[in-house]
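J.: Could you have a look at this structure, given as structure tokens, before my questions?
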Amino acid sequence: MRIVHLCPLGKLVRTMSSTAGLRERKKTETRQAVHEAALRLTLEHGFDNVTVEAIADAANISRRTFSNYFAGKEDALLYGDEQNLRGLVQRVRDQPVGRTAWQALCGALDSHHAEIGDADRDLHLRTRLALQHPSLLARQLAGRHRLESELSHALAEREQPSGTSPEVITAVFLAALRVATQWWCAENETRTLRELTDRALDQIVHAFG
């Protein structure tokens, strides 16, 4: 007679969860490897001279696998932007209850700078590339627009200035970040990104506060 050993349901669920977690971690690692390969090749050869095939080879994956993760080289290059914005959304959600929408945004940004610091060389490179290549800039703006709605939803339950929607607050805040980043990428700029971001946000507060 064959004896069948049944796995307890709780153990089975934990095993399935662990397997799913490992799978997602592997996907994240692959995306990051492709992103880093795209940045490295672009820095070495220029954006126009880099192909999807070259990025896939540098990341040790097939062209088909590349397509499972990114629609094109633009998306691979801008993956860091997406991660930064998704991280900002989560930091806003993690802000203490009782903070207003604007306070939550500023607190989330403080948390981001405390963790990442000002030496984000990849952000500097991505921004300068986007300003130089219209196709990359268009893709960058489209990606930020998609995530802008997530940030607005994260603010929806917090206190807003009278008559001001979370969508408007989000748009103004992200515009300040975009302008500060462009200042930071100027040829002779010596101030840190944090200093420039604070300057842009202060101007908004003085203008509309």
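J.: So the check is Cβ under 7 Å with 6+ separation or different chains; which pairs have a first residue in the range 100-111 that's over 18 Å from Gln203 (Cβ atoms) and among the polar types (S, T, N, Q) and a second one that's crowded, with 20+ Cβ neighbours inside 10 Å and at pLDDT 90 or above?
T.: Pairs found: none.
J.: Right, Glu115: within 30 Å of Ala37 (Cβ to Cβ) and in contact (Cβ under 8 Å) with a residue 12 or more places away in the chain or not?
T.: Judged against the criteria, Glu115 is not a match.
J.: Of all residues in the range 65-119, how many are within 27 Å of Leu43 (Cα to Cα), part of a loop (DSSP other than H, G, I, E, B) and among the small types (Gly, Ala, Ser)?
T.: Looking only at that region, the number is 4.
J.: On to the next question. Need the failing condition index for Arg99 against (1) surrounded by 12 or more Cβ atoms within 10 Å (Cβ to Cβ); (2) within 27 Å of Arg128 (Cα to Cα), just the number.
T.: (2)
J.: Out of the residues in the range 13-47 that are among the hydrophobic types (A, V, I, L, M, F, W, C) and either in contact with an Asp or Glu (Cβ under 8 Å, 6 or more places away or on another chain) or modelled with pLDDT under 90 (or both), which is farthest from Tyr69 (Cα to Cα)?
T.: For the range 13-47, the residue satisfying everything is Val13.
J.: Also, I was wondering about something else. Restricting attention to the range 149-158, does a residue exist that is touching an Asp or Glu at 6+ places or on another chain (Cβ under 6 Å), in the same structural domain as Ala104 (by TED's automatic domain parsing), surrounded by 13 or more Cβ atoms within 10 Å (Cβ to Cβ) and at pLDDT below 90?
T.: Looking through the range 149-158, none of the residues is touching an Asp or Glu at 6+ places or on another chain (Cβ under 6 Å), in the same structural domain as Ala104 (by TED's automatic domain parsing), surrounded by 13 or more Cβ atoms within 10 Å (Cβ to Cβ) and at pLDDT below 90.
J.: Quick check on the range 48-64. Is at least one of its residues assigned to a helix (DSSP H, G or I), under 20 Å from Arg128 (Cβ atoms) and modelled with pLDDT under 90?
T.: No; the residues of the range 48-64 include none that is assigned to a helix (DSSP H, G or I), under 20 Å from Arg128 (Cβ atoms) and modelled with pLDDT under 90.
J.: May I ask you to list pairs of residues, at least six apart or on different chains, whose Cβ atoms are under 9 Å apart, with the first in the range 41-52 being loosely packed, with under 13 Cβ neighbours inside 10 Å and the second being assigned to a loop (DSSP other than H, G, I, E, B) and not hydrophobic (A, V, I, L, M, F, W, C)?
T.: Filtered contacts from the range 41-52: Asp48/His133.
J.: Out of the range 159-192, which residues are modelled with pLDDT under 90, not in a loop (DSSP other than H, G, I, E, B) and not hydrophobic (A, V, I, L, M, F, W, C)?
T.: If the condition is that a residue be modelled with pLDDT under 90, not in a loop (DSSP other than H, G, I, E, B) and not hydrophobic (A, V, I, L, M, F, W, C), then Arg178, Thr181, Gln182 are the ones that fit.
J.: Output the residues belonging to the range 133-158 that are in a loop (DSSP other than H, G, I, E, B) and under 20 Å from Gln90 (Cβ atoms).
T.: Ala156, Glu157, Arg158
J.: State which residue pairs qualify: first residue more than 12 Å from Ala101 (Cα to Cα) and outside the structural domain of Ala108 (by TED's automatic domain parsing) and inside the range 161-188, second residue among the basic types (Lys, Arg) and assigned to a loop (DSSP other than H, G, I, E, B) in any location, beta carbons under 7 Å apart, and separation of 6 or more residues or different chains.
T.: Listed by first residue and then by second, the contacts come to nothing, as the list is empty.
The values are calculated or read from the model by the stated rules, or taken from the named source; none is laboratory data. These numbers come from a predicted model, not from an experiment. In this analysis, Cβ positions are derived from the backbone assuming ideal geometry, glycine residues included, and neighbour counts consider all displayed protein chains.
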